[in-house]
Amino acid sequence: MKNTLWKSKFMTIVGASALGVLIGAAIVTAIFKEHIFFSSKRADIERYYRSQGQKNFELTDYKKLLDQQQTAFIEASKNTTPCVVHIKTKSAATRNTMYDFFNPFFGSPNTPQYQSGSGSGVIISENGYIITNNHVVGDANEIKVILNDKREFDGEIVGTDPNTDIAVVKIDGKGLPYIKYGDSDKVQVGEWVLAVGNPFNLTSTVTAGIVSAKARNINIIDRDDKNRFPIEAFIQTDAAVNPGNSGGALVNLSSELIGINTAIATNTGAYQGYSFAVPINLARKIAEDIINYGAVQRALLGVNIQDVDGELAKKKGLSISQGVYINGLAENGAAKNAGIIEGDVIISVDNVKTTSVAELQEQIGRRKPGDKVKIKLMRGEKEMNIDVVLRNKDGNTNIVKQEKLDANSIRNKLGASFRPINDNLKARFDIDNGLEVYNVENQGKLAQEGISNGYIIIAVDEKPVKTVDDLVEAFNKKKSGAILMAVITPFGKKAYRAIPAN
């Protein structure tokens, strides 16, 4: 009995001791984990406060600082989501152009085909101007804009710029919430940012990350067109961006717009850790040009350029291993006129360092023809400053206006001639209106879409066509994308063709 009692007391003491040890260990572990947690956040906290312009601060109360940082995330999300819209598009899609040849009389009706798309946009004015990506709306025949409060508007393309993948859409609204512009030049690598958009049609989605790099060139913009001068100087982040985020906002923790989310680097079609945004200082300039002039006022230096690296520096005997090397000049270009020569290395523009082609292109792309910039360069061992007056692609400083077609220029644009149909054709095909197509050029736009001599255009974008002026008006109204043509083939078959507007 005594033995049993003694064993019972012993087990109680041992159990209590063990419990005490476990509790003590749990407390120590919790304290240790908390210390590690807060220590791991120290760099984030320092980064956040520096991004807010606060250089001197005491990190004595980590919890308080983390709470303040969390509040900044919440406020930035709350302030910016009403300014980001969901964009839904409908675009004309062409059918197989051989359909009419192999199936002139029989088969399924050749009805107009459309494809749907979606993306995001950012409201930049209270009267309804919206920045988005060219690849979101550029091919659209119909645009619907859905606000954060579920109101829906028809959108109209004001203009597009394939060189930067920026576009402007207008909706008929007043008193709309609009976002504040930030300064993308002040964005720092390591700074916290939020991506706001509509991935996978999940409206008003906010994700967070940091700036991973600046002035990133990923060669995503089409360079096949000799008239294109692409600018890629993306802000790279690790904020999750997916299909549907394109055209949405990249914002800092002060609720300021610093970029337009544009692309992801992925092998799967979905986010894999790398996303890219057009810097807002560039996107804002493009948008303002489109709104104010109807066309982008693109300034050019008139140079052929490449990045300087260690290999090039050694090969050319350069005194520096960073910068932009001039390996050619346009005969009537701004650089040659100012005295820049082949072999010079540009190192800054208006005191902003340009260590890569992407950085130089961004700085020049934000200017207009006629603007004067101070170019700092190295010529051998000598550092020089040269003032350059930038020019447009035509070698002058004139304002570029949007092309307006007329009855003569429409022929050159489409590669064919047109005339109203006569009574015989009306009777033959049982139609009341249309334009007969003739003198079709082999490499013209119409020939490329399978339209040949003898076709009759009866409608464009679902509006009847009676005269050449009707055709001209349709193309002048279309800022980008494709014109949907309803045609009658020489066999009397009705068909539809999507003709690029630009």
Considering (1) under 38 Å from the mean Cα position of the chain (by Cα); (2) surrounded by 14 or more Cβ atoms within 10 Å (Cβ to Cβ); (3) among the charged types (D, E, K, R); (4) modelled with pLDDT of 90 or more, say which one D469 fails and leave the rest. (2)
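A quick yes/no check of all residues on (1) more than 20 Å from V137 (Cα to Cα); (2) among the hydrophobic types (A, V, I, L, M, F, W, C); (3) in contact (Cβ under 8 Å) with a residue 40 or more places away in the chain:
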site: V211; (1), (2), (3): yes, yes, no
site: R228; (1), (2), (3): no, no, yes
site: G259; (1), (2), (3): no, no, yes
site: I264; (1), (2), (3): no, yes, no
site: N267; (1), (2), (3): yes, no, no
site: Y274; (1), (2), (3): yes, no, yes
If I filter the stretch 215-229 for residues that are among the small types (G, A, S) and either under 23 Å from S348 (Cβ atoms) or touching a Lys or Arg at 6+ places or on another chain (Cβ under 8 Å) (or both), do I get at least one hit? yes
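Each row is one residue, and each column tells you yes or no for (1) among the hydroxyl-bearing types (S, T, Y); (2) at pLDDT 95 or above.
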position	(1), (2)
V303	no, yes
D307	no, yes
G310	no, no
K314	no, no
I326	no, yes
A330	no, no
A334	no, yes
S348	yes, yes
V357	no, yes
Does G434 satisfy being farther than 13 Å from N141 by Cβ and in contact (Cβ under 8 Å) with a residue 12 or more places away in the chain? yes
So which residues in the stretch 427-447 are over 40 Å from the mean Cα position of the chain (by Cα), more than 17 Å from K493 (Cβ to Cβ) and surrounded by 14 or more Cβ atoms within 10 Å (Cβ to Cβ), if there are any at all? N433
Starting from the stretch 67-80, take each residue that is without any contact (Cβ under 8 Å) to a residue 60 or more places away in the chain and list its partners that are among the polar types (S, T, N, Q), counting only C-beta distances under 6 angstrom and pairs at least six apart or across chains. none
Would you check if there is a residue in the stretch 354-364 being outside the structural domain of G259 (by TED's automatic domain parsing), farther than 29 Å from T160 by Cβ and surrounded by 14 or more Cβ atoms within 10 Å (Cβ to Cβ)? yes
Any residue in the stretch 138-166 that's of a type in the set (S, T, N, Q): show its pairings with residues that are at pLDDT 95 or above and surrounded by fewer than 22 Cβ atoms within 10 Å (Cβ to Cβ) at Cβ separation under 6 Å, as long as the two are six or more apart or on different chains. N148/T81; N148/P82
If the requirement is being surrounded by fewer than 17 Cβ atoms within 10 Å (Cβ to Cβ) and under 16 Å from R284 (Cβ atoms), which of these qualifies: D149, D154, D183? D183
State which residue pairs qualify: first residue under 16 Å from V278 (Cβ atoms) and inside the stretch 354-370, second residue hydrophobic (A, V, I, L, M, F, W, C) and part of a helix (DSSP H, G or I) in any location, beta carbons under 7 Å apart, and separation of 6 or more residues or different chains. E362/L282; G365/L282; R366/L282
Sole miss for K479 among (1) more than 22 Å from V169 (Cα to Cα); (2) out of contact with any Lys or Arg (no Cβ under 9 Å at 6 or more places or on another chain) is condition (1)
May I ask you to say which residue of I386, I458 is closer than 30 Å to G333 by Cβ, touching a Gly at 6+ places or on another chain (Cβ under 7 Å) and either of a type in the set (D, E) or not in a loop (DSSP other than H, G, I, E, B) (or both)? I386
Over 17 Å from K478 (Cβ atoms) and surrounded by fewer than 18 Cβ atoms within 10 Å (Cβ to Cβ): does that describe G450? no
Mind checking which residues of the stretch 279-300 are closer than 28 Å to N337 by Cα and touching a Leu at 6+ places or on another chain (Cβ under 7 Å)? A299, L300
Output for the stretch 205-224, where each listed residue is at pLDDT 90 or above and of a type outside the set (V, I, T): A208, G209, S212, A213, K214, A215, R216, N217
How do the helices (runs of 4 or more DSSP H) wholly within the stretch 62-166 filter down when requiring 1 or more residues that are out of contact with any Ser or Thr (no Cβ under 7 Å at 6 or more places or on another chain), under 15 Å from I260 (Cα atoms) and at pLDDT 90 or above: which remain? none
Can you go through G343, G328 and tell me which one is surrounded by fewer than 20 Cβ atoms within 10 Å (Cβ to Cβ), in contact (Cβ under 8 Å) with a residue 12 or more places away in the chain, assigned to a loop (DSSP other than H, G, I, E, B) and over 24 Å from the mean Cα position of the chain (by Cα)? G343
Can you say whether V251 is free of Cβ contacts under 8 Å to residues at least 40 places away in the same chain and surrounded by 22 or more Cβ atoms within 10 Å (Cβ to Cβ), as far as the supplied structure shows? no
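The values are calculated or read from the model by the stated rules, or taken from the named source; none is laboratory data. Everything quoted here is computed from the prediction, not taken from an experiment. Cβ: placed from backbone, ideal geometry, glycine included. Neighbour counts: every protein chain shown.
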